[in-house]
Amino acid sequence: MKRYHDCPQVLREFLIYHETIKGQSQLTISEYYLDLRMFLRFIKLMRGDMPIHTPLEDIDIRDIDIEYIREITTSDVFDFLSYLANDRANPDDPTERGISPASRARKLSAIKSFYKYLTVRTKQLQENPVADLEYPKLRKSLPKYLTMEQSAALLQSVSGQNEKRDYAILMLFLNCGIRRSELVGLNLTDVYEDRIRVVGKGNKERFVYFGTACRKAIDAYLEEREKVILTDNRALFGSRDGNRISVSAVHRLVKKALLQAGLDSTQFSAHKLRHTAATMMLSGGVDVKTVQEVLGHENLNTTQIYTHIENTELKVAAEANPLSKLDFSKGE
């Protein structure tokens, strides 16, 4: 694990705890690191320990100890959340200030985890200033997904030097609904006759089954893969530079395929292919609990959002209602 030498000892110990004891993924630990580092830098700036216009990235927090953290109040946390909502640079639109409620909620979640560690796990603190803080209200929007016709067009559009690899990747996304990070982490030994072994969030393993067409696509790619030696030769998917394929490379190949299929690449992404897989499973009659297991969702509520996208049975029920045939409108 990277030892994050720009962080105070108490934060490094928190990160090590989540890696070695909680078994959190490196991505989760990295997010904790970035979010909590920003939080502590902000607190130090607001306390007047340095000129008010000092950029956050220039603030050294290595001297912060548990006594310093003990003095942080709920009001300080509110000030930080206000900064995120109104003053923090928006990565999606440089002309605007303030980050999204979802991003603010993630940072608050990191702070809550940090204080839970300090109060409950290690008992270094008695008071938890964020124990009762509510998360920012999130706007619930339905996930975008490809129709059956759009999915077919996407698969038919695949071409180029890495055609078999890219086709197999798209088939896995559309059939199995795995995440980009999960696909990147696949090894050759994770492919079985009718399923793949996936390591998801929190290093949790699960098996995801696939159909005949997906198996055929993987087999066609494996014939090419056997001729290639990668720096990490365990990897299922490699890149042109001879390394394990990266998340950014997967992002680019999906965008390329979307453009070739005549689809709006600004509206769809690899994650939308995951949405597509979930939607198709539900519309095909798969129960929501099974879809939850396939997607690796810890909470069933996360999966149930897909049930609101398109439910043919509900449409049929609406049409079957005798009252739906009555029309007493006054129009001509």
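The values are calculated or read from the model by the stated rules, or taken from the named source; none is laboratory data. No experiment lies behind these values; they were computed from the predicted model shown. Note that each Cβ is placed from the backbone with ideal geometry, even for glycine, and that neighbours are counted across all protein chains shown.
What the table shows:
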read-out	value
Residue count, the range 273-294 (criterion: surrounded by 19 or more Cβ atoms within 10 Å (Cβ to Cβ) and within 19 Å of Met148 (Cβ to Cβ))	12
Selection within the range 214-248 - assigned to a helix (DSSP H, G or I) and at pLDDT 90 or above	Cys214, Arg215, Lys216, Ala217, Ile218, Asp219, Ala220, Tyr221, Leu222, Glu223, Glu224, Arg225
Scope the range 197-213; condition without any contact (Cβ under 8 Å) to a residue 12 or more places away in the chain and either in contact with a helix residue (DSSP H, G or I) (Cβ under 7 Å, 6 or more places away or on another chain) or part of a loop (DSSP other than H, G, I, E, B) (or both); matching residues	Arg197
Test result for Ser30, within 24 Å of the chain's Cα centre (by Cα) and not in a loop (DSSP other than H, G, I, E, B)	yes
Residue within the range 12-30 that is of a type in the set (Val, Ile, Thr) and in contact with a Gly (Cβ under 8 Å, 6 or more places away or on another chain) present	yes
Filter result for the condition that a residue is in contact (Cβ under 8 Å) with a residue 12 or more places away in the chain and either part of a loop (DSSP other than H, G, I, E, B) or acidic (Asp, Glu) (or both), over Asp49, Asp6	Asp6
Residue list for the range 120-148, restricted to those being modelled with pLDDT of 90 or more and either assigned to a helix (DSSP H, G or I) or hydroxyl-bearing (Ser, Thr, Tyr) (or both)	Val120, Arg121, Thr122
Single residue of Lys44, Lys116 found to be among the charged types (D, E, K, R) and closer than 25 Å to Gly200 by Cβ	Lys116
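For every residue, the table says whether it meets (1) aromatic (Phe, Trp, Tyr); (2) outside the structural domain of Ala270 (by TED's automatic domain parsing); (3) assigned to a helix (DSSP H, G or I); (4) crowded, with 18+ Cβ neighbours inside 10 Å.
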site: Leu155; (1), (2), (3), (4): no, no, yes, no
site: Ser159; (1), (2), (3), (4): no, no, no, no
site: Tyr167; (1), (2), (3), (4): yes, no, yes, yes
site: Ile178; (1), (2), (3), (4): no, no, no, yes
site: Ser181; (1), (2), (3), (4): no, no, yes, no
site: Thr189; (1), (2), (3), (4): no, no, yes, no
